[in-house]
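These notes are about the structure you will find just below.
The values are calculated or read from the model by the stated rules, or taken from the named source; none is laboratory data. Here the structure is a predicted model, which is why all the values come from computation and not from measurement. Backbone-built Cβ (ideal geometry, glycine too); neighbour counts: all protein chains shown.
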Amino acid sequence: MKGFLSVLRFELTNYFKNKGYLITTGIIAAVLIVGLSLPSFFDMSGLFGGDDKKTESSESVSDEEKKNFIIFDKENIIKDVKGLENVFISSSWKVATNEQEVKNAVNNEKVEAGFILNSPTSYKYIVQNSSFSDGNQQMFDSYLSRLNRESYLNNKGIDVNEIDALYNTQINSEVELLGKDTVSNFAYTYGLIFVLYFMIIYYGQLIAVSVTTEKSNRAMEILVTSTSSNALIFGKVIAATIASLAQVGVILASALVTYKVNSAAWGGKLDFIFNISGETLATFAIFGLLGYLFYAFIFGALGALVSKTEDIGKSASPVTMIFVVVFMAVMFGLNNPESMLMNILSYVPFSSCMAMFVRVAMGSVKTIEVVISLVILAVSTGFVGVLGAKIYRMGTLRYGNPVKLTNALKSLRKDG
């Protein structure tokens, strides 16, 4: 126990004295605090839209900013182009006297597009170049359909406004959720999955590099002979865990507390990100911690199998690839957290730390399922920790070419 505490204290000191660690944490936390506090000091309404100012600005668009169109109406079907200006927002319309005038205006780029109206149900669209984002035809079709409908109803003596009121009957509804609000929970679930992914990839590599660095300068020989391998690997992994939790905790706490303080100024616009239930946070903390430890022990053991830091990538690539594939599968499963894929992934130790969290945050999962998944992950983490310590001890005393994980496991089986 004394050896473990000594290693833990030494590793934590290295983390907390690292300028890069402190500066990165401080900058990210400061940016979040300042950014989330801005609405309390500045008017940010224009950034989110939907305000009166936006409406006023759209009504007072200058002539230079308006889109110009031209139309030739052969049968004088459209009595007033103001109707078109209401359909085509921020537009200006010119009436042509013949088809050639329309084509010339488009060809000379005086207008964005032109229309030659042959009949109430037929027209020709004149444009210089076609575009995927061109919605002019759809809007013109809608306008002509309305004109034809109004003409038909007027001929039949039917009140157009009465029909419009019938078609636009307001329907009132409310949603009563008996389970989880998947749509609202998507944003913070997505973000927390990324946080866990970053923690495992970044700190896993740091653990592997730390082990290899000590091995390359022969300090490992002294450490292994003076302290048990269990104390060494557990001390390194737990220290990295505490350091990563401290870093992520400071950043997340800065964001959550700052938003709570300034939530009134934000008008609830970011509630879908920061209103995280206690159940969800607890699940993320427990499964995230165990999943982190699971991978951290693996990275620590893999770091002991190589003698040069440049070989770490090759040694750790299989596990890294597995984790990336698992991460992509879980991200894909966000769209359907109750799918068979997510159910399977939530019981596999390599993926349950993310998959079960997604199911709890966005779906309906029974308590017994969470408990079973948690037990499997906890037992697997303990097993990987013990196995990692044995690989760690064996690998740290082997120098030269990198040792393959399969060969290391075979050696342990023979020794055992």
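Every residue, every condition in (1) at pLDDT 85 or above; (2) surrounded by 13 or more Cβ atoms within 10 Å (Cβ to Cβ); (3) more than 45 Å from the chain's Cα centre (by Cα), yes or no:
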| site | (1), (2), (3) |
| --- | --- |
| GLY49 | no, no, no |
| LYS74 | yes, yes, yes |
| LYS110 | yes, no, no |
| ILE116 | yes, yes, yes |
| GLN128 | yes, yes, no |
| ASP134 | yes, yes, no |
| GLN138 | yes, no, no |
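Scanning the stretch 142-172 for residues that are surrounded by 13 or more Cβ atoms within 10 Å (Cβ to Cβ) and acidic (Asp, Glu) gives GLU150, ASP164.
Taken over the stretch 275-295, the residue count meeting the criterion of being hydrophobic (A, V, I, L, M, F, W, C) and either free of Cβ contacts under 8 Å to residues at least 60 places away in the same chain or over 28 Å from PRO349 (Cα atoms) (or both) is 4. Using the structure shown, decide if ILE286 is more than 26 Å from the chain's Cα centre (by Cα) and of a type in the set (A, V, I, L, M). Against the criterion (more than 26 Å from the chain's Cα centre (by Cα) and of a type in the set (A, V, I, L, M)), ILE286 does not qualify.
List the number of the failed condition for LEU341; all other conditions in (1) under 14 Å from TYR295 (Cα atoms); (2) in contact with a Gly (Cβ under 6 Å, 6 or more places away or on another chain) hold. It fails just one condition, (1).
Taking the numbered list (1) in contact (Cβ under 8 Å) with a residue 24 or more places away in the chain; (2) within 29 Å of THR213 (Cα to Cα); (3) surrounded by fewer than 16 Cβ atoms within 10 Å (Cβ to Cβ) in turn, VAL319 passes all entries but (3).
Of everything in the stretch 247-273, what is closer than 22 Å to THR24 by Cα and in contact (Cβ under 8 Å) with a residue 12 or more places away in the chain? Give them in sequence order. Result: GLN247, VAL248, VAL250, ILE251, LEU252, SER254, ALA255, LEU256, THR258, TYR259.
For the residues VAL330, VAL358, VAL371, the requirement of being surrounded by fewer than 22 Cβ atoms within 10 Å (Cβ to Cβ) and assigned to a helix (DSSP H, G or I) singles out VAL371.
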